[in-house]
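Taking it in order: structure first as structure tokens, then the write-up.
The values are calculated or read from the model by the stated rules, or taken from the named source; none is laboratory data. Quick caveat, the model's predicted, so the values are computed rather than measured. Methodologically, a virtual Cβ is constructed for each residue, glycine included, from the backbone with ideal geometry; neighbour enumeration extends over all protein chains shown.
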Amino acid sequence: MEKSLVTPTRKELFAGFFAIGLSGFGGVLPLAHRKLVQDRRWLDDAQFSELLGLGQILPGPNILNMSVAIGSRFHGVAGALLAVAGLMLAPMVIVLALAAMYEHYRQLPYVQGALHGLASAAAGLLAAMCLRLAWKMERHWQCLTLALMMFVAVGVLRWPMLPVLLLLAPVSLWLARGRLKGEGAW
């Protein structure tokens, strides 16, 4: 039996996104998924996936868009501001400090090696989160076809994401028309 979802207080909302911002650099989506879905139970996997999709089509970083949507969901405009402030406060201070250090030590081979290792770890975390979410997605040929089309268009052919989304969004709505009307599975 799945545990019920929890509604965070404003303080918990700020603290939760502060922890995400403090804990992750570059690719915080896997960490955000673990903290928001598995640990704190503010969202379930479906809600996280929906907000991730929304965050990806809006301009700006996905996690920032998601923090606005999640904060707003629980506490309106104040919640959105608290979530964004929590998310951005620690990284802003840390990045400013690291930028000063990088300027001084960037020529060292150890620094270059560390940056390459961090990039590999971030890619692995992102791949793990994508596989975890994909495993829980509906497995209809329409969903798989749309996902493959998006991957090929953006990932392989390097087409701009916005035009591809604008083309595939109506196609996905047309394919899902039966489910949108409440008729159940395709």
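Side notes on the structure shown:
- Total residues in region 85-112 satisfying the condition of being among the hydroxyl-bearing types (S, T, Y) and either under 28 Å from the mean Cα position of the chain (by Cα) or at positive phi (or both): the figure is 1.
- The listed residues are D39, D45, and the only one of them that is charged (D, E, K, R), farther than 23 Å from L165 by Cα and in the same structural domain as A121 (by TED's automatic domain parsing) turns out to be D39.
- Region 139-156, subset within 23 Å of the chain's Cα centre (by Cα) and surrounded by fewer than 12 Cβ atoms within 10 Å (Cβ to Cβ), residue nearest to D45 (Cα to Cα): R139
- Residues considered: L108, L133. Of these, the only one that is closer than 28 Å to L36 by Cβ and assigned by TED's automatic domain parsing to the domain that holds A15 is L133.
- Beta carbons closer than 6 Å, at least 6 apart along the sequence or on distinct chains, pair a first residue in region 109-124 that is surrounded by 10 or more Cβ atoms within 10 Å (Cβ to Cβ) with a second that is not in a helix (DSSP H, G or I) for A122/G26; A122/G27.
- Entry remark, region 126-141: residues being assigned to a helix (DSSP H, G or I) and of a type outside the set (A, V, I, L, M) number 5 in total.
- Among the candidates M88, M92, M137, M66, the residue that is in contact with a Cys (Cβ under 9 Å, 6 or more places away or on another chain) and within 30 Å of V6 (Cβ to Cβ) is uniquely M137.
- One residue alone among L82, L54, L13 is surrounded by 13 or more Cβ atoms within 10 Å (Cβ to Cβ) and either under 19 Å from K136 (Cα atoms) or under 16 Å from the mean Cα position of the chain (by Cα) (or both), and that residue is L54.
- Residues of region 36-51 classified as among the basic types (K, R) and within 12 Å of K136 (Cβ to Cβ), total: 0
- For region 20-45, the tally of residues that are over 12 Å from I63 (Cβ atoms) and without any contact (Cβ under 8 Å) to a residue 60 or more places away in the chain stands at 9.
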